[in-house]
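The values are calculated or read from the model by the stated rules, or taken from the named source; none is laboratory data. Quantities reported herein were computed from a predicted structural model and do not represent experimental measurements. Note that we place each Cβ from the backbone using ideal geometry, even for glycine, and neighbour counts take in every protein chain shown. In case anyone asks, the SASA skips ligands and DNA or RNA and just uses the protein heavy atoms, side chains included. Shrake-Rupley method; radii C 1.70, N 1.55, O 1.52, S 1.80 Å.
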Amino acid sequence: MFSLKTWYDLFNNINGFSVIKRGNYAIDPSFRASLYEQLNIQYDGGTKAMHACPNRMDPITTHIIPEEVSKIEIIKGPYTVRYGATFGGVINIVTDKPSSENTGFHGKVSGGYESNGDSYVTMLQLQQVTSKYDIVGNIGYRDFGNYEDGDQTEIPSSFRSTDYGIKAGYNFTDNQRLQAHWRQSFGRDILHASLPMDTNYDNSSVLSLDYKWSMMGDVLKSITAKAYYSYVDHLMTNKDRPMFMMIEATSVVEATTIGGKLELNWKPLKKLNLFSGIDMLHIARDGNRDRLVKIMNGNMLPTPKLFNDKIWQDSYIDDIGMFTEAKWSVNKSTVVTAGIRADIVISDIKDPEADFEAMYDLKKRTEENISTTVSVKKIVSDNFTLEAAYGRGVRSANMMERYINHFTVGQDSYEYIGNPNLKAEVNNQFEIGFKGHEDLKGSLNTFKYETSFYYSFFENYIVAVEDASLTRKYMPSQQPVHPKVFQNIDKAYKTGFEVTAQLDFLKNYYFKSEASYVYAKNKDFNESLPLIPPFKATLSAGFEKTKFWANARYNIASKQDNISKTFGETKTDGYQTLDFRLGVKPFKNVSLGVAVLNVFDETYHNHLNFSFNNQTNFGRVPINEIGRNVTVFLQKKF
């Protein structure tokens, strides 16, 4: 269906997903309460672009414009070993690619507008497709203003971004193809309502190469290879914040991501399909913060003092993985999948701050992680399929958890300190699910349903806990005095479900209901794990015809009072919103989409939203979502 796309809508409209919001730009997905590096987020089958900012002002979603996204593929847990180390699931963001059936020169131009924030987007895409080669290029521009919540309170959230990309493929033969993809994104003047600083610029460059040789022989079926490189250059300052009068802060940080993969597809037996390979991921970050202190201990300094703080301390993490995954067709109705993966993770800090070096015995560290999975898919009948799975996903600590040093990188006011000796997190996840459909009679066409139930118990789960033996490094008189230090806990679990039901009737009409729920427990502290979304449900109804479609969607979220007090969480009220969307194709190759979101102008916030930080006229309370918003999107193909 055709409408204006935002990352908030793309993820929030998928059952089981929530989003972590810091403003209107830096959106991180949460799936089944797994977040950040607990999710293996990539695009186009493996390309990664890691963030440079320790506050995640620039997650991977900021380096791709939503208008490029054709679909989002999801593996709902650690049930594969083929796509890198996976703890909570794989999210593959697939961008548009040329269609081999649509040869010749073609293109499309599109534009969209949002009333709340006076925001607009534009994109131009051109492509040339022949039997031997294809090339597609696009350029887009986004200009978003500050939005208002349901109480007409203006939320500092404006930004501008310019993006372009070129994707070129060459077919050596009918079964050999090489593709190159180059893209750059330039974010400017980005306001982050719930972070201590704003982004002056965020520049990213990503290059990827993909090769595939298929239909090679009776045993070796194909070889695929991938290599990619990304670089992010990020500048943030506090020049528009109230704290600027006391301290001028400027941070320049950078992140380099290099990776690759080689995979062989074997079929030694008619019913046995094997995928074996090796992959590599290198993440390196560096950058410093300059602080010009004008007021110290409440007194104006005659000469401001300049301090330089090491943010990433010139650190890196390497992950080299080897894997084998087998699919065994036991019979026509049963498929068993099993896989094993070994990761060697090497981490080091090359330019540590003196106080951080004094805390730990810093040296290059090597970890060995083993991940496994096994699942069974049983086609019980033409109308009913049953699946059961177990996965052991292992995730070594990310760079922030290892090496951050007295920076406020959480959803609270604490300084955080990394721990380079953290053990790898382990997710032992069990799941059972089924889906099916029933063909009905008369005006009722089909009833479709799908559900999944899962349970995970964790080993060495990583959380940040206040350490009363330590004190703040920056602004030591400010509360809270004691920083948090990342550590492993022994006993934690989560469980939950997703359920979907849809009734199709009168050929083009449907009614759909979805619901998801997660419950988690930190047994060590006898409280919830942090950042657990509440129960969510949606009711939607609509119709889809060749030249016209429309739907209404009612969104329900319950209150969340199962919280982590150690993490500093507070209870969140439930809310209900209503959205209307419609689309029409008035002329050939022309599409128009219109939506009214949050029709009743509700004032609410998601439980995962960050709180206002260093903002004039705002206390430290969670930022609200956007109020009533009318959007229009127009596209012309040629």
Estimated distance in nm for a label pair at ASP118 and VAL380, the labels positioned 7 Å out from Cα along Cα-to-Cβ: 5.8 nm
Per-bin percent of Cα-Cα distances, segment 425-555 [5 Å]: 2, 9, 12, 12, 12, 10, 9, 8, 7, 6, 5, 3, 2, 1, 0
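Once you have the Cα-Cα distance between LYS97 and VAL590, take 0.36 nm times their residue separation minus that, and quote the gain in nm to one decimal. Could you put the intermediate results ahead of the total?
Values: separation 493, 0.36 × 493 = 177.48 nm, distance 1.98 nm.
Length gained between LYS97 and VAL590: 175.5 nm.
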Lys/Arg +1, Asp/Glu -1 at C-beta; the chain dipole; positive extreme among GLY298, LEU264, ILE320: LEU264
Rule-of-thumb Rg ratio for segment 373-497 [Cα; 2.2 N^0.38 Å; N residues]: 1.65
Local net charge near VAL335, Cβ-Cβ under 13 Å (Lys/Arg +1, Asp/Glu -1): +3
Modelled FRET efficiency - R0 41 Å, TYR455 with GLN128, Cβ distances, 0.05 increments: 0.20
Largest to smallest principal axis extent of the C-alpha atoms in segment 148-189, angstrom: 60, 21, 7
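Residues with beta-carbon under 15 Å from that of LEU531, excluding LEU531: net charge, scoring Lys, Arg +1 and Asp, Glu -1? Kindly include the intermediate steps, with their values, before the conclusion.
On the way: positive: LYS21, ARG22, ARG32, ARG56, LYS484, LYS494, LYS521, LYS536, LYS565, LYS571; negative: ASP28, GLU37, GLU401, ASP412, GLU425, GLU527, ASP561, GLU569.
Cβ neighbours under 15 Å give a net charge of +2.
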Inter-label distance for ASP240 and LEU269, nm, one decimal - labels placed 7 Å from Cα along Cα-to-Cβ: 6.3 nm
Rounded accessible area per residue of the chain, 1.4 Å, Å²: 43 Å²
Difference of contour (0.36 nm per residue) and Cα-Cα distance, ASN171 to VAL330: 53.7 nm
Backbone N under 17 Å from the LEU444 label point (7 Å along Cα→Cβ), restricted to segment 495-516: 501-513
Whole-Hz ³J(HN,Hα) from phi, Karplus 6.51 cos²θ - 1.76 cosθ + 1.60, for segment 304-321, glycine and proline x: x, 9, 9, 10, 10, 10, 7, 7, 9, 6, 6, 10, 8, 9, 10, 9, 10, x
Note, ³J(HN,Hα) from phi for segment 576-582, Karplus 6.51, -1.76, 1.60, rounded to Hz, x at Gly and Pro: 9, 9, 10, 10, 10, 9, 8
Diffusion constant of the chain at 4 °C, which comes from Stokes-Einstein with the Kirkwood Cα-pair radius and 1.567 mPa s, µm²/s: 49 µm²/s
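Per the 1.4 Å probe, what fraction of the accessible area of segment 541-638, in percent, lies on carbon and sulfur atoms?
Values: 2890 of 5010 Å².
The computed percentage sits at 58.
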Gain on full stretching of the segment that runs from LEU306 to ILE74 - 0.36 nm per residue minus C-alpha separation: 78.8 nm
Modelled label reach - PHE434, point 7 Å along Cα→Cβ, segment 382-406 residues with backbone N closer than 14 Å: 382-388
Spin-label model distance (nm) - ASP524 vs LEU578, 7 Å beyond Cα toward Cβ: 4.7 nm
With all protein chains modelled, accessible area of TYR519 [1.4 Å, Å²]: 70 Å²
Of PHE587, PHE567, LEU4, farthest towards positive along the dipole that unit charges on Lys, Arg, Asp, Glu beta carbons give the chain: PHE587
Using θ = phi - 60° and Karplus 6.51 cos²θ - 1.76 cosθ + 1.60, couplings along segment 34-51 (whole Hz; Gly, Pro as x): 8, 8, 6, 6, 5, 9, 8, 9, 8, 9, 6, x, x, 6, 10, 9, 7, 6
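Just list whichever of LYS271/LYS507; LYS48/LYS637; LYS97/LYS536; LYS507/LYS588; LYS310/LYS423 have alpha carbons separated by over 28 Å in the model shown.
Working: LYS271/LYS507 39 Å; LYS48/LYS637 30 Å; LYS97/LYS536 34 Å; LYS507/LYS588 24 Å; LYS310/LYS423 24 Å.
Correct reply: LYS271/LYS507; LYS48/LYS637; LYS97/LYS536.
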Alpha-carbon spread of segment 482-609, three principal axes, descending order, Å: 63, 28, 26
Cβ-derived FRET efficiency at R0 45 Å, TRP182 paired with PHE548, nearest 0.05: 0.75
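Where Lys and Arg each count +1 and Asp and Glu each count -1, what net charge lies around GLY436 among other residues with Cβ under 15 Å from its Cβ?
-2
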Amide H partners (placed H, <5 Å) of LEU531, local residues excluded: SER564
Electrostatic dipole magnitude of the chain [Cβ: Lys, Arg +1; Asp, Glu -1; Cα centre; debye, to 20]: 1780 debye
